[in-house]
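Structure first, then comments.
The values are calculated or read from the model by the stated rules, or taken from the named source; none is laboratory data. The structure displayed is predicted, hence computed values, not measured ones. In this analysis, Cβ positions are derived from the backbone assuming ideal geometry, glycine residues included, and neighbour counts consider all displayed protein chains. Ligands, DNA and RNA are stripped out before the accessible areas are found, and what is left, the full protein with its side chains, is counted by its heavy atoms. Shrake-Rupley method; radii C 1.70, N 1.55, O 1.52, S 1.80 Å.
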Amino acid sequence: MSAEPIMETVMTQDPIDLLIAFEEASVAPIRPEYVEGTVIVPPQPDYNHSKGAVGLTLQLHMAGLDLAGMGMGFRAAHQDGSTMALVIPDFYVLHREPTELDDSYLRMHKGWYPIDMVALVGEVTSTNHAIDTGAKLATYAAAGISVYALVNRNTKTAHCYTDPVLPGDDPTQAYYDTDTKVDLGAPLPLPAPYPTLDTSPFLQD
């Protein structure tokens, strides 16, 4: 005699609410992220990290990319609409200014914009450099972001990842097919309409 299977709805917590709980429980101000099923609390950026990220954003602005920015959070969704990732890139370029629909999405998802607003995404590694080179890289590729600019202060290299590939249904297996890599200090070429980025300020690290 076999037991009947238990058919019961499993309660799951929306990752957005989980991150809010982390923020409320923390004594220090934090803004955690959610990638590959894991809550990530980024370390407080040091001076060189912040200065470098601002400098790259300014380079994008000076090239006429008025939709370059910093500080906004973005939500990527699975095909069923559930939350796949919640990320706050160090810098980005948007496809568009937020529309009324985007603002409605922001309210519905408690402070997170849709990731399809993002045309280019950029990260500068901190002590948790493996996140930017692994889980976040896969997340950005799975979300279909066409350009990922990465300054890896651990390896002293800068990368322009293009041609995102999602080989199946598993977003953790996504990758970028093309990696243009230079040593820090060398110009990092980006595809049009983006400028070549000056990475020399990071030599001060």
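Among the criteria (1) touching a strand residue (DSSP E or B) at 6+ places or on another chain (Cβ under 6 Å); (2) farther than 21 Å from S146 by Cβ, the one H95 does not fulfil is (2).
Do you know which residues across region 93-127 are of a type in the set (A, V, I, L, M) and more than 17 Å from the chain's Cα centre (by Cα)?
Those that are of a type in the set (A, V, I, L, M) and more than 17 Å from the chain's Cα centre (by Cα): L101, M108.
The condition of being open to solvent by less than 50 Å² (accessible area, probe 1.4 Å), farther than 23 Å from V35 by Cβ and either without any contact (Cβ under 8 Å) to a residue 60 or more places away in the chain or touching a Phe, Trp or Tyr at 6+ places or on another chain (Cβ under 9 Å) (or both) holds for only one of L65, L106, L101, L58, that being L65. Taking the conditions (1) among the acidic types (D, E); (2) open to solvent by 50 Å² or more (accessible area, probe 1.4 Å); (3) under 16 Å from the mean Cα position of the chain (by Cα) in turn, D90 satisfies each one other than (2).
Here the condition is being buried (at least 17 other Cβ atoms within 10 Å of the Cβ), in contact (Cβ under 8 Å) with a residue 24 or more places away in the chain and out of contact with any Leu (no Cβ under 6 Å at 6 or more places or on another chain); of I40, I20, it holds for I40 alone. Number of residues in region 116-134 that are open to solvent by 20 Å² or more (accessible area, probe 1.4 Å) and part of a helix (DSSP H, G or I) equals 6. Would you check if Q44 is modelled with pLDDT under 90, in a loop (DSSP other than H, G, I, E, B), among the polar types (S, T, N, Q) and under 30 Å from P187 (Cα atoms)? Answer is yes for this residue. Among the residues of region 138-191, those identified as of a type in the set (A, V, I, L, M, F, W, C), part of a strand (DSSP E or B) and either farther than 19 Å from M117 by Cα or open to solvent by less than 20 Å² (accessible area, probe 1.4 Å) (or both) are V147, A149, L150, V151, A158, C160, V182, L188.
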